[in-house]
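What follows is a single structure, written as structure tokens, with notes after it.
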Amino acid sequence: MNFTQAAKPYVTQKLNEAHKSFTDNDDVSGFKALEDAHVIGQHSTYHHTRVHYEMLKFGLKRKNVKEVLGQLFRLIGAVSKTSIGLLPEGNTGGANVSPFKAMPISQANKVILDKIKHAQS
């Protein structure tokens, strides 16, 4: 099983959590779930791009120009750089952080990433 396949249920769960939070008008929890999905899926071009697309949709719905422009830039990077490993580990993916900054990974996301790693074995 490859990384994309192993990460799919976890990324999907986080995206579902985000959509539910946004439906409940809880943008803070919704965006946090998108950030977690980004950290979990960023080693897969598919998931990495998918999460940035969801962040772009968030920015468009909220008319947040900074987020929209940031996500357009990040989408290009996700499509073109993920497969060659040019990504900052743990980066949460929003326009509120540098796209080049490595960040600490939460304990909860470390547990999920360990599960994905073991599923690949």
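For the range 20-121, report the accessible area per residue in Å² (1.4 Å probe, heavy atoms, rounded to an integer).
Solvent-accessible surface per residue comes out at 56 Å².
Arrange the residues K61, K66 by how much accessible surface each exposes, largest first, with a 1.4 angstrom probe.
Solvent-accessible surface, decreasing: K61, K66.
For the chain, what is the mean residue ellipticity at 222 nm derived from helices alone (per DSSP H run of n ≥ 4: -39500 (n - 2.57); sum divided by total residues; nearest 500 deg cm²/dmol)?
So the helix-based figure for the chain works out to -23000 deg cm²/dmol.
What do you get for the angle between helix 3-23 and the principal long axis of the chain? Use alpha-carbon atoms, 0 to 90 degrees, nearest ten.
It is inclined by approximately 30 degrees.
Take the alpha carbon atoms of the range 3-48, find their radius of gyration, then divide it by 2.2 N^0.38 Å using N residues; give the quotient. Mind dumping the intermediate values first?
Values: Rg = 10.5 Å, N = 46, 2.2 N^0.38 = 9.4 Å.
Taking N as the residue count of the range 3-48, the ratio is 1.11.
Taking log10 I(q)/I(0) by the Debye sum over Cα atoms at q = 0.13, 0.15 Å⁻¹ as the quantity of interest, determine which of (i) -0.68, -0.82; (ii) -0.45, -0.61; (iii) -0.74, -0.85 was computed from the displayed structure.
Label of the calculated value: (ii).
Give me the percent of accessible area attributable to carbon and sulfur for the range 7-119, probe 1.4 angstrom. Spell out each step's value before the answer.
Details: 3800 of 6210 Å².
After summing per-atom areas, the C and S share lands at 61 percent.
State, to one decimal in nm², a quarter of the convex hull surface area for the C-alpha atoms of the range 73-118, i.e. the direction-averaged projected area.
It is 3.7 nm².
Which pairs break 21 Å Cα to Cα here: K8/K61; K66/K101; K66/K110; K61/K101; K81/K110; K20/K57? Walk me through the intermediate numbers first.
Values: K8/K61 25 Å; K66/K101 18 Å; K66/K110 29 Å; K61/K101 26 Å; K81/K110 23 Å; K20/K57 15 Å.
As for pairs spanning more than 21 Å Cα to Cα, those are K8/K61; K66/K110; K61/K101; K81/K110.
The values are calculated or read from the model by the stated rules, or taken from the named source; none is laboratory data. Since the structure is predicted, the reported quantities are computational estimates derived from the model, not experimental observations. All accessible areas refer to the heavy atoms of the entire protein, side chains included, with ligands and DNA or RNA removed. Shrake-Rupley method; radii C 1.70, N 1.55, O 1.52, S 1.80 Å.
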